[in-house]
Amino acid sequence: MDTRESDWTPVSAMKFAAVVLAVVALGMFFANSDEDFLPVIDHVNLAFHEAGHIFFGVFGQWTGILGGTLGQLLMPLAAAGAFWRQGHTASFAIALIWFFENFINIARYVADARARQLPLVGGGDHDWTNLLFHWNLLQQDVAIASWLNAVAWAGMIGTLLWLLWRWQGTE
């Protein structure tokens, strides 16, 4: 099903404000905290990350290692897809923001590839150390992380701009 312009639910001022406030709060948290981990959201993301290793591991070693990151990205993308198909404007935007918020932690994990200072679940191998070493990109871990962080914020801001556009169209 292709969502037409008329299929999107109107965005109330209350829904628009709630989404904007959530993203502003997210930005303020990261700007004013030494922590890079939002407990409620990121524990869910971590669960999907770990499940991704198991699910994608059946496709081979390297796919299994990358599967953690794929798992934490595919779940919010699946939610966004479901909301898009139904034309639920604000829910679609929230799912996209969730998707892009994941890139903040992925960037943190990638940036740690050489330093290996982050505590890992089960104390196992560092996914991004292994992947970047395998791809001969380990020395670029911080630069790659910078790009991923930029993707996170550009995606969240772009989603907010889209939501603003949808809201303006309904007022």
Can you order the peptides 65-71, 112-118 by their average number of other Cβ atoms within 10 Å per residue, highest first? 65-71, 112-118
Which Cα, out of Val19, Gln61, Ala90, lies furthest along the positive dipole direction of the chain (beta carbon charges, K/R +1, D/E -1)? Ala90
Determine the dipole magnitude for the chain: charges of +1 sit on the beta-carbon of Lys and Arg, -1 on that of Asp and Glu, nothing else is charged, the reference point is the Cα centre, and the result goes in debye to the nearest 20. 220
Packing-ranked peptide list from 8-19, 79-90, 98-109, highest mean Cβ count within 10 angstrom first, is 98-109, 79-90, 8-19
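Taken together, the values in this text are just the output of simple stated rules run on the coordinates, not laboratory data. These figures come from a predicted structure and were not determined experimentally. Using ideal geometry, Cβ is built from the backbone for each residue, glycine included, and neighbour counts are taken over all protein chains shown.
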